[in-house]
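Down below is the structure, laid out as structure tokens.
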Amino acid sequence: MKLVTAVIKPHKWEDVREALETFGVTGMTVSEVSGYGRQKGHTEVYRGAEYDIALVPKIRIEIVVDDADTEDVVGIVTKTAHTGRIGDGKVWVSPVDTVVRVRTGDKDTAAL
Amino acid sequence: MRPQSDGMPQPLLASAAASTASGDTAWLLAAAALVLLMAPGLAFFYGGMVRSKSVLNMMMMVFGALAVVMVVWVLVGYSIAFGDDLGGGLLGDPTQYAGFKGMLEADPDAAYPITIFAAFQGLFAVITVGLIAGAIADRTRFGTWLVFAGLWTVLVYAPVAHWIFDFSAGDHVGGWMANKLGALDFAGGTAVEINSGAAGLAAALVLGRRVGFGRDPMKPHNLTLVMVGAGLLWFGWFGFNAGSALAANNTAAIVFVNTLLAGCTGLLAWLAVERFRDGHATSFGAASGVVAGLVAITPSCGSVTPIGAMVVGIAAGAICALAVGLKYTFKYDDSLDVVGVHLVGGLVGTIIIGLLASSDVTSVDGLLYGGGADQLGKQLVAAGATLLYSFTATAILVWVLEKTIGFRVDPEHEVAGVDLVIHAETAYDLHVTGGARPHFGPGTGSMHP
Amino acid sequence: MKLISAVVKPHKWEDVRQALEAVGVNGMTVSEVSGYGRQKGHTEVYRGAEYDIAMVPKVRIEIVADDHDVEQIVETITKAAQTGKVGDGKIWVTPVESVVRVRTGDTGPAAV
């Protein structure tokens with residue numbers, strides 16, 4: 001199994017979600033994170049004092065998938081999250097040793 | 001003619017006088033309540049400006065000041081401010097009205113009961129002390145702050161209030177600024193605004209800068225609270241200013257209009273400065289501009305025409321918007337701009353009377369209305385004297401408290417957050433899990449076995 | 001490639017960010033998490049009722065990096081985030097099999 005992690009722009013979440021559901025992905029974990037990189041954030045001014053807000057809101061999606069589905073899932077997320085502008089994010093894949101479904105105790109492929 | 005409840009009409013003159021007096025009293029009662037509303041208003045205004053880890057402490061400093069100052073005011077503060085002068089117009093007799101003694105009997109000749117006048121004045125002291133808290137936010141010990149609140153009321157606020165608010169009448173001799181100098185200050189540009197601003201500066205300098213000042217982000221955590229606070233302050237300010245007319249009459253009406261207009265033009269002027277200097281007009285700037293305008297109109301509301309009030313607001317909004325940047329230039333940590341808004345705004349308002357006073361509204365004409373520079377000189381003296389006394393006395397008081405019982409919080413506690421360390425509370429419990437395990441009652445480990 | 005995950009004290013974020021920028025790390029994901037461990041949290045009291053707040057706010061920083069940059073990045077974060085007191089956090093490294101830059105479709109080291 002693999003863990004597919006994607007960090008994308010928040011306004012792309014709905015598109016990505018729909019595409020993944022259509023493909024057959026039934027579960028994922030979503031968190032609000034901040035990106036720090038070339039997108040550079042913005043400046044806020046409070047009574048003349050300037051603040052560089054370097055962190056940019058992002059959505060992180062994590063999906064544990066079967067080896068066979070990995071390439072498809074990565075492709076779907078990459079395509080639907082794409083805008084062409086800086087800050088689109090990254091998708092990466094890491095190996096997973098074990099996964100358990102808490103409700104049933106099912107392990108590995110049966111848990112996906 | 002107005003009939004009594006038993007159907008018998010009373011003579012016109014007596015009932016007219018009675019209804020005027022009851023009108024004045026009713027307005028003063030309401031005005032006092034409005035001034036009290038400025039305390040929670042200030043708590044919101046300041047609370048929204050600090051970081052989320054210290055919002056509760058900021059609100060506590062204002063609420064705590066309200067409680068302590070009012071008690072001290074009744075015990076001795078009112079007497080020092082409005083008691084018979086002990087000499088030189090500097091101090092009133094602290095024993096004369098101690099504990100509000102001798103003030104409870106109804107006076108049929110008075111326009112309003114003395115007790116509500118005294119309470120009204122006490123609430124001015126409350127706001128003045130509350131304002132100082134903004135200069136020393138995030139780093140102040142709460143117990144010491146309460147001690148400071150009581151001592152400062154007696155040593156600084158009450159004397160200055162005596163100078164500018166206590167008018168001589170009959171046998172009673174009042175303060176030097178109101179009577180010998182003849183400076184004009186309708187609702188406290190000196191006693192409240194310059195006083196708190198100078199005191200805030202002194203306290204900020206003596207206690208020192210916050211850990212991370214200039215490096216760590218210290219921006220408002222909740223601007224919606226700031227706007228709510230500004231709105232409540234504005235509402236309460238009508239009691240502060242128009243209530244100072246001590247009557248439900250034409251003067252109060254003019255003061256009301258002036259107070260309204262200065263807030264409006266203060267907002268516009270501050271936004272204009274921001275737009276021009278920083279590129280964006282902000283909500284923080286709008287809230288700040290309203291307050292700056294109101295600060296400057298506080299002394300001048302009884303001297304200027306409505307057009308004059310608009311000019312006051314513009315001057316304060318623009319000058320204060322530029323003044324708040326001084327703390328970064330001179331590197332003093334006036335956390336919430338008490339100096340930039342209240343000291344500078346208070347100076348603008350107090351001095352501008354010398355320029356814009358109109359005999360259509362008050363007893364003299366200012367420089368721009370053909371009255372010469374006489375009044376301007378008096379305003380400058382009053383402003384300068386207040387600034388010097390407040391700054392010096394406060395610096396000494398804060399220094400003594402820091403050296404004896406300790407005023408500033410431990411740097412490690414400051415970084416952890418004063419809400420947690422001083423009050424053992426968190427303002428925002430947004431954790432998805434609730435994040436807390438309760439244990440109630442003595443000796444119990446947790447709620448459930 | 002590797003995924004470097006670091007959980008550090010929130011007030012150390014600025015120091016870590018600056019140190020990472022100095023060694024050329026120009027992209028990372030930052031999230032607010034809670035630590036639960038030896039740092040023990042604190043107690044809050046509401047009208048006499050005590051609450052143990054066991055969770056301590058932390059910041060999690062995640063960086064996908066080229067293999068040969070990993071050691072330097074880990075050392076940089078460790079030094080910048082250290083206070084010497086309990087609750088300083090941990091840093092760990094997990095393998096990443098593939099990574100895609102959403103904006104361009106680049107894969108591998110070019111995406112990092």
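The values are calculated or read from the model by the stated rules, or taken from the named source; none is laboratory data. Quantities reported herein were computed from a predicted structural model and do not represent experimental measurements. Glycine gets a Cβ as well: all are built from the backbone with ideal geometry, and neighbour counts include every protein chain shown. Side chains included, ligands, DNA and RNA excluded: accessible areas come from the protein's heavy atoms. Shrake-Rupley method; radii C 1.70, N 1.55, O 1.52, S 1.80 Å.
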Note, the range C:43-54: 3J(HN,Hα) by Karplus (6.51, -1.76, 1.60, θ = phi - 60°), whole Hz, Gly/Pro = x, goes 10, 10, 10, 10, 6, x, 8, 8, 10, 7, 9, 6
The correct ranking of B:LEU322, B:LEU356, B:LEU36 by accessible area at 1.4 Å, largest first, is B:LEU322, B:LEU36, B:LEU356
Ordering B:413-419, B:88-94 by per-residue average of other C-beta atoms within 10 angstrom, highest first, gives B:413-419, B:88-94
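Excluding ligands, DNA and RNA, what is the accessible area buried between chains C and A, summed over both sides, using a 1.4 Å probe, to the nearest 100 Å²?
2200
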Any residue on another chain or 5+ positions along whose placed amide H is under 5 Å from the amide H of B:THR140 is listed here as B:VAL409
GNM on chain A, Cα springs under 10 Å; top mean-square fluctuation among A:VAL65, A:VAL45, A:VAL91 goes to A:VAL45
Heavy-atom accessible area of B:THR115, protein chains in place, probe 1.4 angstrom, given in Å² to nearest 10, is 50
Under the rule rounded for a/c under 1.5, else prolate if a/b exceeds b/c, else oblate, using alpha carbon gyration tensor axes a ≥ b ≥ c, the range B:27-170 is classed as prolate
Accessible-area order for B:ARG141, A:ARG17, A:ARG60, largest to smallest, probe 1.4 angstrom, reads B:ARG141, A:ARG17, A:ARG60
For B:264-270, B:167-173, ranked highest to lowest by mean beta-carbon neighbours within 10 Å, the order is B:264-270, B:167-173
Spelling it out for C:VAL102: with amide H atoms placed in the peptide plane at 1.01 Å from N, the residues 5 or more places away or on another chain with amide H under 5 Å from its amide H are A:GLY89, A:LYS90, A:VAL91
Once all protein chains are kept in place, B:VAL206 shows an accessible area at probe 1.4 Å, nearest 10 Å², of 50
Residues hit by the 20 Å² burial cutoff in the range C:95-112, accessible area with a 1.4 Å probe, assembly against chain on its own, are C:PRO95, C:VAL96, C:GLU97, C:SER98, C:VAL99, C:VAL100, C:ARG101, C:VAL102, C:ARG103
With a ≥ b ≥ c from the Cα gyration tensor eigenvalues, square-rooted, and the rule rounded for a/c under 1.5, otherwise prolate when a/b > b/c and oblate otherwise, chain A is prolate
Once normalised by the length of chain A, the mean sequence separation of its alpha carbon contacts under 8 Å that are 6 or more apart gives a contact order in percent of 42
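Whole number please: convex hull volume per residue of the Cα set in the range C:34-108, in Å³?
146
Set the bar at 20 Å for Cα to Cα. Now go through A:LYS58/C:LYS90; A:LYS12/C:LYS12; A:LYS12/A:LYS79 and name every pair that lies beyond it.
Those over the limit are A:LYS58/C:LYS90; A:LYS12/C:LYS12.
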Given a Förster distance of 30 Å, the FRET efficiency implied by the Cβ-Cβ spacing of C:ARG38 and A:LYS107, rounded to the nearest 0.05, works out to 0.45
Calculated from DSSP helices alone, with each H run of at least 4 adding -39500 (n - 2.57) and the total divided by the residues of chain C, [θ]222 nm to the nearest 500 comes to -6000 deg cm²/dmol
Log entry: pair-distance distribution for chain B, C-alpha pairs binned every 10 Å from zero, whole % per bin is 5, 21, 31, 24, 12, 5, 2, 0, 0
Relative contact order of chain B (C-alpha contacts under 8 Å, at least 6 apart) in percent is 20
Karplus ³J(HN,Hα) for the range B:140-148 (6.51 cos²θ - 1.76 cosθ + 1.60, θ = phi - 60°; Hz, whole; x = Gly/Pro) runs 10, 6, 5, x, 5, 4, 5, 4, 4
Interchain or sequence-distant (5+) residues whose placed amide H lies within less than 5 Å of the amide H of A:THR83 are none
Karplus ³J(HN,Hα) for the range B:225-234 (6.51 cos²θ - 1.76 cosθ + 1.60, θ = phi - 60°; Hz, whole; x = Gly/Pro) runs 4, 4, 6, 4, x, 4, x, 5, 4, 4
Under a 1.4 Å probe, counting only protein heavy atoms, A:MET28 has an accessible area in Å², nearest 10, of 50
